[in-house]
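So the structure is just underneath, and the comments pick up after that.
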Amino acid sequence: MIGELEVKEKTGIYKEELGEELNRILKYWIENAPDDINGGFYGKVDNDNQNSPGAPKGSVLNARILWTFSAAFNHNADPACLHMAHRAYRFITGHFIDEEYGGVYWSVDYQGNPLDTKKQVYAIAFTIYAFSEYYRASGDESARQRAVDLFYLLVEKAYDPVKSGYFEAFTRDWKTMGDLRLSAKDANEKKTMNTHLHVLEAYTNLYRVWPDKALKEHIEMLLDNFFDHFIDDGKHHLVLFFDEYWNRKSDLVSYGHDIEATWLLLEAAEVIENEAMAGVLKRISTSIADATIKGLDSDGGLWYEYEPADDRLIKEKHWWVQAEAMVGFFNAWQISGNEKYLEASVNSWAFVKDKILDTVNGEWFWGIKQDDNPMRSEDKVGIWKCPYHNSRACIEIIKRIDFSE
């Protein structure tokens, strides 16, 4: 057992270091991401900070940039962050919103013209998440109204009124489509844990600025989806893929999603003030955290995935997985008081400092492989490489430490 003074010293150092890291992350994106010729942000910047002016621009990346700089402004009141948020909001509303059929395009070309016009529910969820945060930063009523409109659109077009849950993707005009996958590595199934988690995350953030009864009911329905389907009570992992009838279609373990879900699910229940659900989720969160600990390496890093059928670890340590481990284990410590979770969170950050931070070119490497070498072929800015996971980890843990002091 460590004493209260030692805990305060440890969390004080943690807070100070994450404050400095947050500033470095924001500085990187301010200096390297804006596309001053075609507007918005570059769709691709490599590990040497060389941009690709002709690269497509993704809706998820742009929404995550909007959320990041809105949340950063709400945290530090830095006008430079609000300026970046304004830029992101203008580009999303000017180029990604489908004014004819509703929703957002998956991607646009480098000039902002529609490219992949499918309606991926995941991307719309992140846009709701970002618009809600931007409203908090700017007070722009149009942002909140756009988020509300997207909520109603998802309920109308993507919600399954028979079996509950949300379908994965549609064509531009909201017809069914053959390839529903979010990325090439995903299973082609109609209902996925990942999309449901981020719809829940989006609705939770919207509820903070629009505490509507129907929205609350959908948050509770999403939590029920996790209780009934996604959380495997026996193994304490999340089931990732289902068909439309909630038949399981995967046994893959995603450590990053497991630990990320622990705190996002609890946050949702707490924001809507559902004490019964929050109580259950506190128990579940520590059980999932314990199962996730099995995916930690001796260096403090969290492995990417585990395939039970082959008893095989995917021996990569991705940047976003470590960021979510930092928050998820910290959350488990706050719930339980068990110091092993605080140690896991601090050790995750120590691993990031040692292996994931790019001390030469800035930001975080995508990750490292089993040989400890950075995955330099992956982008610093891209369809999936964003400032959301790592900046959020910094902001979230700083807030939690501030609240406890």
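The values are calculated or read from the model by the stated rules, or taken from the named source; none is laboratory data. Owing to the predicted nature of the structure, the values given are computational and were not obtained by experimental measurement. A quick note on method: Cβ atoms are made from the backbone with ideal geometry, for glycine too, and the neighbour counts reach across all protein chains shown. Note: areas computed on protein heavy atoms with side chains; ligands, DNA, RNA excluded. Shrake-Rupley method; radii C 1.70, N 1.55, O 1.52, S 1.80 Å.
Any residue in segment 309-326 that's part of a helix (DSSP H, G or I): show its pairings with residues that are open to solvent by 30 Å² or more (accessible area, probe 1.4 Å) and acidic (D, E) at Cβ separation under 8 Å, as long as the two are six or more apart or on different chains.
Final answer for the pair search is A309/D251.
Say we look at segment 58-109 and pick out the residues that are charged (D, E, K, R) and out of contact with any Cys (no Cβ under 9 Å at 6 or more places or on another chain); which of these is farthest from R181 (Cα to Cα)?
Among them, the one singled out is D78.
Can you spot a residue in segment 120-142 that is farther than 30 Å from N23 by Cα and not polar (S, T, N, Q)?
So far as segment 120-142 goes, yes, one or more of its residues are farther than 30 Å from N23 by Cα and not polar (S, T, N, Q).
Can you name every residue in segment 73-106 that is in contact (Cβ under 8 Å) with a residue 12 or more places away in the chain and among the aliphatic types (A, V, I, L, M)?
Those that are in contact (Cβ under 8 Å) with a residue 12 or more places away in the chain and among the aliphatic types (A, V, I, L, M): A80, L82, M84, A85, A88, I92, I97, V104.
Among the listed residues I30, I65, I37, identify the single one that is assigned to a loop (DSSP other than H, G, I, E, B), among the aliphatic types (A, V, I, L, M) and under 30 Å from K118 (Cα atoms).
Residue meeting the stated conditions: I37.
Yes or no: I272 modelled with pLDDT of 95 or more and under 27 Å from V346 (Cβ atoms)? Break it down into steps so the answer makes sense when it comes.
Working: modelled with pLDDT of 95 or more: yes; under 27 Å from V346 (Cβ atoms): no.
So I272 does not fit the description; no.
For S138, work out the one condition from (1) farther than 22 Å from S70 by Cα; (2) open to solvent by 20 Å² or more (accessible area, probe 1.4 Å); (3) among the polar types (S, T, N, Q) it doesn't fulfil.
So the condition that S138 fails would be (1).
When the residues of segment 236-250 are narrowed to those that are assigned to a loop (DSSP other than H, G, I, E, B) and touching a strand residue (DSSP E or B) at 6+ places or on another chain (Cβ under 8 Å), which ends up most open to solvent (accessible area, probe 1.4 Å)? Lay out the reasoning, then the answer.
Initial filter on segment 236-250 (assigned to a loop (DSSP other than H, G, I, E, B)): 236, 239-240, 243-247, 249-250.
Keeping just the survivors that are touching a strand residue (DSSP E or B) at 6+ places or on another chain (Cβ under 8 Å) gives 239-240, 243-244, 246, 249-250.
Values: V239: 9, L240: 15, D243: 20, E244: 47, W246: 27, K249: 106, S250: 31 Å².
Checking each candidate, the answer is K249.
Yes/no matrix, rows are residues, columns are (1) in a helix (DSSP H, G or I); (2) at pLDDT 95 or above; (3) closer than 20 Å to K399 by Cβ; (4) open to solvent by less than 30 Å² (accessible area, probe 1.4 Å):
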residue: M1; (1), (2), (3), (4): no, no, no, no
residue: V7; (1), (2), (3), (4): yes, no, yes, yes
residue: I25; (1), (2), (3), (4): yes, yes, yes, yes
residue: N74; (1), (2), (3), (4): yes, yes, yes, no
residue: A80; (1), (2), (3), (4): yes, yes, no, no
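Tell me the residue from D149, D186, D179 that is of a type in the set (D, E), out of contact with any Ser or Thr (no Cβ under 9 Å at 6 or more places or on another chain) and assigned to a loop (DSSP other than H, G, I, E, B), please.
D179
Here's the yes/no breakdown for (1) open to solvent by 10 Å² or more (accessible area, probe 1.4 Å); (2) in contact with a Lys or Arg (Cβ under 8 Å, 6 or more places away or on another chain):
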| site | (1), (2) |
| --- | --- |
| T292 | no, no |
| Y304 | yes, yes |
| E307 | yes, no |
| D311 | yes, no |
| Q322 | no, no |
| F330 | no, yes |
| N338 | yes, no |
| V346 | yes, yes |
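Of everything in segment 151-196 that's of a type in the set (A, V, I, L, M) and touching a strand residue (DSSP E or B) at 6+ places or on another chain (Cβ under 8 Å), which residue is surrounded by the fewest Cβ atoms within 10 Å (Cβ to Cβ)?
This residue is M177.
Can you tell me which residue is most open to solvent (accessible area, probe 1.4 Å) among those in segment 368-405 that are in contact with a strand residue (DSSP E or B) (Cβ under 7 Å, 6 or more places away or on another chain) and part of a loop (DSSP other than H, G, I, E, B)?
Result: I383.
Cβ-Cβ under 7 Å, sequence separation 6+ or interchain: first residue in segment 188-212 and touching a residue at least 12 places away in the same chain (Cβ under 8 Å), partner assigned to a loop (DSSP other than H, G, I, E, B) and β-branched (V, I, T). Which pairs?
Between residues of segment 188-212 that are touching a residue at least 12 places away in the same chain (Cβ under 8 Å) and residues that are assigned to a loop (DSSP other than H, G, I, E, B) and β-branched (V, I, T), the close pairs are M193/V239; Y207/I272.
Does K282 fit the bill of being part of a loop (DSSP other than H, G, I, E, B), basic (K, R) and either surrounded by fewer than 22 Cβ atoms within 10 Å (Cβ to Cβ) or without any contact (Cβ under 8 Å) to a residue 40 or more places away in the chain (or both)?
no
Any idea which of G43, G112 is out of contact with any helix residue (DSSP H, G or I) (no Cβ under 6 Å at 6 or more places or on another chain), open to solvent by less than 10 Å² (accessible area, probe 1.4 Å), in a loop (DSSP other than H, G, I, E, B) and at pLDDT 95 or above? Walk me through how you get there before you give the answer.
Working: G112 fails: out of contact with any helix residue (DSSP H, G or I) (no Cβ under 6 Å at 6 or more places or on another chain).
It is G43.
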